[in-house]
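Below you'll find the structure, written out as structure tokens, and then a few comments.
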Amino acid sequence: MSSNAKVLFAIALMMTACSGTDDTVLPIPTTTTITGTTTTTGTTTTTGTVDTAPPQQVFDCATISATPLSITEMPNAFGYHDVDFDVDGNLLGYSQNGNVIGKTSYAGDFQVFIAQTGTVQGMAQLPNGDLAYASDSDGIMRVSPTGSTTLINGNYHPYGLLLGPDDYLYAAVEFDGVYRVDYTTGQAQRLQINLPNGSPRVINFNLDYTKIYIGTRSGNGNIYAVDLDADLNPISGPVTLATGIGAGNYHDTLGGHLCGYLYVSDYDRRKLGRIAPDGTNVVFLDSNNGAGGFFSNQHIHGMEWGHGIGGWREDAIYVSKPYDSGKVSEIVIGVPSKHWDKGYAINLPTP
């Protein structure tokens, strides 16, 4: 990791670290220096500062809902095992029918983004606006906003893919391991993580990036947690965070929000579970009972929080349903993602 990346990462940790209730650090307000004159019996020059930052919003984690607030199928939006968003306000997702990555506006305007991609698994936005994606045939790829594709690494074919706070990609390669990948050079490093059951399939970090969470392929239903140091290197073996998340054959998505809860879908139960930081887990959405139009053939795979651009809600997850013709649904949870930058959370649950 470069020295600049370490500095940026250290600042990000200071800004997001939260170990208990009401301890989130507020971002530093933006200020503007002004100079003006007032005249009474003479001229006085005054120099001062004015806070030009928008008011910080406060989200109370004690108010989160135990069930979805609403579920809506999005028109002309498609996804397979993941979805993501671009900076222009479009949802990006792979369509099996057309073998393309398409982009769809919130209003349902669809256009082909990249043609003939081969099967696509995980996706992750890069800091410069490029999209990284995992191709079953090619490995880890990147595509620019103009549609120009380049190879990042052709040796590994992950299912889960996400961008870390250090600006490296993290890839879960089934029956292999978790890799840190430099998307500029393609260099990959295997993290020293060896699960007691199953192999890594989906991954995510906790709020302050001191742990990585892992869901499995061919496991036993456990979600694992591994402690990390400041450079995101493992400093502990895997410990069980939660049990009973299906049989562990396929954990198909793993995402977290501002209050530190995880949401994980599993193929065995056809359910979306919610896991608290202490490992307590409940069923958040049962795909088998027809809730919000969901049935067992609409099992959830990919998941991404809306980014608040173009109508996509910041308090909703957008999920792909490959067994339902690759359609995408909006599930309003009522909580922003852990990357929310418009305020801070209070009453966070204690691990």
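The values are calculated or read from the model by the stated rules, or taken from the named source; none is laboratory data. Quick caveat, the model's predicted, so the values are computed rather than measured. Please note: Cβ atoms are built from the backbone with ideal geometry, for glycine as well, and neighbour counts cover all protein chains shown. These area figures cover heavy atoms from the full protein model, side chains too; ligands, DNA and RNA do not enter into them. Shrake-Rupley method; radii C 1.70, N 1.55, O 1.52, S 1.80 Å.
Kindly indicate which of Leu126, Leu151 is hydrophobic (A, V, I, L, M, F, W, C) and under 22 Å from Tyr209 (Cα atoms). Walk me through it before giving the result.
Details: Leu151 fails: under 22 Å from Tyr209 (Cα atoms).
Result of the check over Leu126, Leu151: Leu126.
Given the structure, is Ile331 closer than 25 Å to Tyr106 by Cα, assigned to a loop (DSSP other than H, G, I, E, B) and in contact with a Leu (Cβ under 9 Å, 6 or more places away or on another chain)?
Details: closer than 25 Å to Tyr106 by Cα: yes; assigned to a loop (DSSP other than H, G, I, E, B): no; in contact with a Leu (Cβ under 9 Å, 6 or more places away or on another chain): yes.
Criteria not met by Ile331.
Let's see how each residue does on (1) at pLDDT below 95; (2) assigned to a loop (DSSP other than H, G, I, E, B):
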{"site": "Pro55", "(1), (2)": "yes, yes"}
{"site": "Met74", "(1), (2)": "no, no"}
{"site": "Gly108", "(1), (2)": "no, yes"}
{"site": "Pro127", "(1), (2)": "no, yes"}
{"site": "Ala134", "(1), (2)": "no, no"}
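Do you know which of the residues in segment 281-316 that are aromatic (Phe, Trp, Tyr) and more than 17 Å from Asp82 (Cα to Cα) is modelled with the highest pLDDT?
Step by step, filter segment 281-316, then rank; the result is Phe284.
Residue check, Trp312 against (1) within 30 Å of Asn97 (Cβ to Cβ); (2) assigned to a strand (DSSP E or B), all met but one. Which one?
(2)
Which of the residues spanning segment 221-269 are part of a loop (DSSP other than H, G, I, E, B) and either open to solvent by less than 10 Å² (accessible area, probe 1.4 Å) or touching a Cys at 6+ places or on another chain (Cβ under 7 Å) (or both)?
Gly221, Leu232, Ile245, Gly248, Cys259, listed by residue number.
If you scan segment 208-238, which residues turn out to be hydroxyl-bearing (Ser, Thr, Tyr) and out of contact with any His (no Cβ under 6 Å at 6 or more places or on another chain)?
If the condition is that a residue be hydroxyl-bearing (Ser, Thr, Tyr) and out of contact with any His (no Cβ under 6 Å at 6 or more places or on another chain), then Tyr209, Thr210, Tyr213, Ser218, Tyr224, Ser236 are the ones that fit.
Taking the condition of being open to solvent by 50 Å² or more (accessible area, probe 1.4 Å) and in contact (Cβ under 8 Å) with a residue 24 or more places away in the chain, how many residues in segment 292-301 meet it?
Of segment 292-301, the ones open to solvent by 50 Å² or more (accessible area, probe 1.4 Å) are 292, 295-297.
So of that shortlist, the ones also in contact (Cβ under 8 Å) with a residue 24 or more places away in the chain come out as 292, 296-297.
Residues meeting the conditions: 3.
Could you please let me know if Leu191 is out of contact with any His (no Cβ under 7 Å at 6 or more places or on another chain), open to solvent by less than 10 Å² (accessible area, probe 1.4 Å) and hydrophobic (A, V, I, L, M, F, W, C)?
Numbers: out of contact with any His (no Cβ under 7 Å at 6 or more places or on another chain): yes; open to solvent by less than 10 Å² (accessible area, probe 1.4 Å): yes; hydrophobic (A, V, I, L, M, F, W, C): yes.
It is true that Leu191 is out of contact with any His (no Cβ under 7 Å at 6 or more places or on another chain), open to solvent by less than 10 Å² (accessible area, probe 1.4 Å) and hydrophobic (A, V, I, L, M, F, W, C).
Applying the selection to segment 136-176, what residues are assigned to a strand (DSSP E or B), without any contact (Cβ under 8 Å) to a residue 24 or more places away in the chain and among the polar types (S, T, N, Q)?
Thr150
When you check Asp227 against the structure, is it acidic (Asp, Glu), at pLDDT 95 or above and out of contact with any strand residue (DSSP E or B) (no Cβ under 7 Å at 6 or more places or on another chain), yes or no?
Considered against the rule, which asks whether it is acidic (Asp, Glu), at pLDDT 95 or above and out of contact with any strand residue (DSSP E or B) (no Cβ under 7 Å at 6 or more places or on another chain), Asp227 comes out as no.
Look at segment 79-112 and say how many of its residues are open to solvent by 60 Å² or more (accessible area, probe 1.4 Å) and not hydroxyl-bearing (Ser, Thr, Tyr).
9
Among the residues of segment 301-345, write down those that are over 22 Å from Leu163 (Cα atoms) and of a type in the set (D, E, K, R).
Result: Lys321, Asp324, Lys327, Glu330.
When you scan segment 313-351, how many residues do you find that are surrounded by fewer than 20 Cβ atoms within 10 Å (Cβ to Cβ), more than 14 Å from Thr63 (Cβ to Cβ) and in contact with a helix residue (DSSP H, G or I) (Cβ under 6 Å, 6 or more places away or on another chain)?
2
Determine whether Glu304 is open to solvent by 20 Å² or more (accessible area, probe 1.4 Å) and free of Cβ contacts under 8 Å to residues at least 60 places away in the same chain.
Judged against the criteria, Glu304 is not a match.
Being within 24 Å of Phe295 (Cα to Cα) and either aliphatic (A, V, I, L, M) or at pLDDT 95 or above (or both) is the filter; apply it to segment 270-280 and report the residue that is most open to solvent (accessible area, probe 1.4 Å).
Within segment 270-280, the match that is most open to solvent (accessible area, probe 1.4 Å) is Arg274.
Tell me which residues, restricted to segment 125-184, are among the β-branched types (Val, Ile, Thr), open to solvent by 10 Å² or more (accessible area, probe 1.4 Å) and under 21 Å from Gly219 (Cα atoms).
Val173
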